[in-house]
Amino acid sequence: MTWNAASFMARASRPPRSRGGEDLFAGLPVVARPPVDDGAPAPARLAVRSVWISDLHLGTPGCQAHALLDFLKSVESRHLYLVGDIIDGWQLRRSWYWPQAHNDVVQKLLRKARKGTRVVFVPGNHDEFARKYLGHNFGGIEVVPDCIHVTADGRRLWITHGDHFDGVIQCAPWLAHVGDAAYEFTLRLNRWFNSLRARVGLPYWSLSKYLKLKVKRAVSFIGDFEQAVAREARKRGVQGVVCGHIHHAELREIDGILYANDGDWVESLTALVEHADGRLEIVDWSGRASSARTARASLPDSDDAEAGAVAVTAVRTETA
């Protein structure tokens, strides 16, 4: 199957079709699904002012689409920012992978936009095809190179994916593709390793995250990236920056600039949220996702949206 970015963007902007399913990608089969969101919506477990998510990598086996869909169903917000690498065009060019769960995520994002949430898409390097459509609106989703968000307490935050501050991406893009293939191999190894751990009752453990935090060069890269992004935010005269790209959730101050990274939905399963008072917080959905998987395994007839109703963990919270 051929990856066709132009067809995707055109189809995404069309009005919704019948409940049989909307095909957003060229050649993607339409799978009939029972309507799940058209009835009275279940009460949101987390009501916030704004949400930032990035690095979903839809189109790859590593994307945690079921957990992401559960998160999107459970959170209501006025603003939803998609901070790059939403669809992995690099992987789709190598081999086509698009299960129904990935289509469900796209449908959910479009549905949120139709129901009044302001959804803004800032493309990253893996979905750089979307940068051809900057300034356009597809299915209610705005496509912009970057943007400014004003929090409830008046702070101006610059929103960018962050790949422009990655020296490998800018100076040796071929090396970035090699690194991406190596990362995909690590994720496959990680899935196999964790399937063995699950059989003996051990929790999920991320090999690539462990390597990233233990290898000196990787730690140095993360630190350099954070400093570079914060430095650019200061030049732009804003109070903070929200980015993604490096798959490392963080919320801290760097030389007077608030640096926020919303993490990813391949390993970390994290998002950045803004509460009604303007306070920012990183939400970790991994514990809930693990409980949901356990519940689905023990109760196969249970509804995914109700499985694993556990408290959500805040891994970083702004101090007052």
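Here, each number is a calculation from the coordinates, and none is a lab measurement. It should be emphasised that the depicted structure is a prediction, and the values quoted were computed from it without experimental measurement. All Cβ positions, even for glycine, are placed from backbone atoms using ideal geometry, and neighbour counts span all protein chains on display.
Beta carbons within 10 angstrom, averaged per residue: use that to sort the peptides 50-59, 146-155, highest first. If you can, show how the numbers build up before the last one.
Numbers: 50-59: 26.7, 146-155: 14.1.
Highest mean packing first, the order is 50-59, 146-155.
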Problem set entry | Global geometry of segment 41-167, whether rounded, prolate or oblate, following the gyration tensor of its Cα atoms and the 1.5 cut on a/c | oblate
Exercise. When the Karplus curve 6.51 cos²θ - 1.76 cosθ + 1.60 is applied with θ = phi - 60°, which whole-Hz ³J(HN,Hα) does each residue of segment 258-275 get, with x for Gly and Pro?
Worked result: 6, 9, 10, 10, 7, x, 7, 10, 10, 10, 6, 6, 10, 9, 9, 10, 10, 7
Exercise. What percent does the relative contact order of segment 67-132 come to when contacts are Cα pairs within less than 8 Å and at least six residues apart?
Worked result: 55
Exercise. Highest mean first, what order results for 222-229, 80-87 on Cβ atoms within 10 Å?
Worked result: 80-87, 222-229
For this session: Apply the Karplus parameterisation 6.51 cos²θ - 1.76 cosθ + 1.60, with θ equal to phi minus 60°, to every residue of segment 57-72 and state each ³J(HN,Hα) to the nearest whole Hz, in sequence, with x for glycine and proline.
Result: 6, 4, x, 10, x, x, 5, 8, 5, 5, 5, 5, 5, 4, 4, 5
For this session: Step through the residues of segment 109-115 one at a time and calculate ³J(HN,Hα) from phi using the Karplus curve (6.51 cos²θ - 1.76 cosθ + 1.60, θ = phi - 60°), rounding each to whole Hz and writing x for Gly and Pro.
Result: 4, 5, 5, 4, 5, 5, 8
For this session: Go through 135-142, 121-128 and give me the packing order, highest mean Cβ count within 10 Å leading.
Result: 121-128, 135-142
